[in-house]
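Engineer: Here it is, the structure in full.
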């Protein structure tokens, strides 16, 4: 068996054409149940070796810093890097088109069978699990080193306001996000240029 | 119908640039708009459509397509999905090169550090909101708590837990 060291292999080359990119994203999207990102990392870095692990981590970090679904932002970034605007359409088309059509088929199925006891029960079971999966993901996020700051209080405040006091997320975001970003900017500035003592 | 489509479009256009950490962080806001403000679906339907999207392959943002479909059919699904992702895609397309530069690097860290706690707090709210509608009995509540603990503490693939939830529900336990 071959040992895999994706980050140490020589310069990654990328897909040969937008068509290949489209098919690759379509394939990885269809393998992604409950999140496409892990599949995308495996497919793009380890299997196809289109980019190094470091490059992927970098793209992902930028995708997380901006609004929007992370995997969609990754598609925009990689598509643009390899084929410009055509690449963006290829990556996003591959990512969204077939899963969207599948979703529509499921919705039609849902409409006709939602009142069948077995289907309704199965959906209730999945909904209960899904709620737990989201809570688990939020809990996992609290382990990030980015939470080791008093800014974690902004997160607690947002949680209490939206889930406890039923405040709309829009004003919560519009107030908390700028404050938290300014505070992050301030602490980075003071860290980089320590005041003389 | 056209009214519905344009309201749907405006709602999701507004959410696109606010979706820090992905679409799931804004589920409480979507619930507020679609269930509470417009009355286009019941809370259980909202939770079931989310469940449907979780059980299907593809990006998690497709929950927006399912919600749009419930409001205005395939046209609603297309409109809501495009409005949700196009503004954030344009921002990513325009800002990506700068964020990748050495000057952009520190801006990226600032945005990451500033937004991560808020994204976590809002995601937690989304989970609690769904749990409120989904946990109609003790077994559902146990499923939610177990899924939360397992996905927090282990690397087990979520599909196993989704399959277990579907199976328990189909035999009438949930």
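Computed from the coordinates by the stated procedures, all read-outs in this text should not be read as laboratory data. This is a predicted model, so every value here is computed, not measured. Here Cβ is always computed from backbone atoms with ideal geometry, including for glycine, and neighbour counts include all displayed protein chains.
Engineer: Which residue fluctuates most in the GNM of chain B (Cα springs below 10 Å): B:17, B:91, B:143?
Structural biologist: B:91
Engineer: Over region A:6-115, what is the mean sequence separation of C-alpha contacts under 8 Å (at least six apart), divided by residue count, expressed as relative contact order in percent? Don't skip to the end; give the middle numbers.
Structural biologist: Values: 122 pairs, mean separation 36.0, N = 110.
33 percent.
Engineer: Using only the alpha-carbon atoms, how far is helix B:102-134 inclined from the longest principal axis of chain B? Give it as 0 to 90 degrees, nearest 10.
Structural biologist: So the inclination is approximately 20 degrees.
Engineer: Same structure, new question: Which of A:161, A:127, A:143 moves most in a GNM of chain A, Cα contacts under 10 Å?
Structural biologist: Judging by the Gaussian network model, the answer is A:161.
Engineer: Related question: Could you grab the relative contact order for region A:71-197? Cα pairs under 8 Å, six or more apart, rounded to a whole percent. Please report the intermediate quantities before stating the final value.
Structural biologist: Working: 41 pairs, mean separation 12.7, N = 127.
RCO, region A:71-197: 10 percent.
Engineer: Here is a follow-up. Taking the Cα atoms only, what angle lies between the long axis of helix B:158-170 and the longest principal axis of chain B, rounded to 10 degrees?
Structural biologist: With rounding to tens, the tilt is 30 degrees.
Engineer: How much length, in nm to one decimal, is gained on full extension between residue B:38 and residue B:159, taken as 0.36 nm per residue of separation minus their Cα-Cα distance?
Structural biologist: 40.3 nm
Engineer: Shifting gears a bit: Please report the base-10 log of the normalised intensity I(q)/I(0) for the protein assembly as shown, using a Debye sum with one equal scatterer per alpha carbon and no solvent, at each q in 0.07, 0.10 (1/Å).
Structural biologist: -0.30, -0.62
Engineer: Three principal axis extents, largest first, for the C-alpha atoms of region B:1-79, in Å?
Structural biologist: Computed over region B:1-79, the largest-to-smallest principal extents equal 30, 25, 22 Å.
Engineer: At 4 °C and a viscosity of 1.567 mPa s, what translational diffusion coefficient does Stokes-Einstein give for region B:78-126, taking Rh as the Kirkwood radius over Cα pairs? Give it in µm²/s as a whole number.
Structural biologist: The Stokes-Einstein estimate is 103 µm²/s.
Engineer: Kindly put B:102, B:19, B:151 in sequence by how many other C-beta atoms sit within 10 Å of each C-beta, fewest to most. Intermediate results must be reported in sequence, preceding the final value.
Structural biologist: Working: B:102 6, B:19 28, B:151 24.
By the 10 Å Cβ count, ascending, the order reads B:102, B:151, B:19.
Engineer: Determine the principal axes of the Cα atoms in region B:106-156, then give the extent along each, sorted from largest to smallest and rounded to whole angstroms.
Structural biologist: 47, 24, 9
Engineer: Ok, one more. Okay, helix-only estimate at 222 nm for chain B: each DSSP H run of n ≥ 4 adds -39500 (n - 2.57), divide by all residues, round to 500 deg cm²/dmol; what do you get?
Structural biologist: -26000 deg cm²/dmol
Engineer: Taking only the alpha-carbon atoms of region A:6-115, what semi-axes of the equivalent ellipsoid follow from 5 times the gyration tensor eigenvalues under a square root, in whole Å, largest first?
Structural biologist: So the equivalent ellipsoid measures 28, 14, 13 Å along its semi-axes.
Engineer: Can you tell me the relative contact order of chain B? Whole percent, Cα pairs under 8 Å, sequence separation 6 or more.
Structural biologist: Result for chain B is 25 percent.
Engineer: With the radius of gyration and the Kirkwood radius both derived from the Cα set of region A:82-197, what is their ratio Rg to Rh?
Structural biologist: Radius of gyration over Kirkwood radius for region A:82-197 works out to 1.14.
Engineer: For chain B, set up a Gaussian network in which alpha carbons nearer than 10 Å are linked by springs, and say which option among B:40, B:160, B:69 fluctuates the most.
Structural biologist: Answer for the Gaussian network model of chain B: B:160.
Engineer: Once the Cα gyration tensor of chain A is found, what semi-axes does its equivalent ellipsoid get, as square roots of 5 times the eigenvalues, in whole Å, sorted largest first?
Structural biologist: Rounded to whole Å, the semi-axes are 32, 30, 16.
Engineer: Let me ask something else. How fast does region B:2-134 diffuse by Stokes-Einstein, in µm²/s, taking the Kirkwood radius from C-alpha pairs at 20 °C and 1.002 mPa s?
Structural biologist: Once the numbers are plugged in, D ends up at 137 µm²/s.
Engineer: Give me a single rounded figure for A:169-177: the average over its residues of other chain Cβ atoms within 10 Å of their Cβ.
Structural biologist: Mean partner shielding for this stretch: 6.
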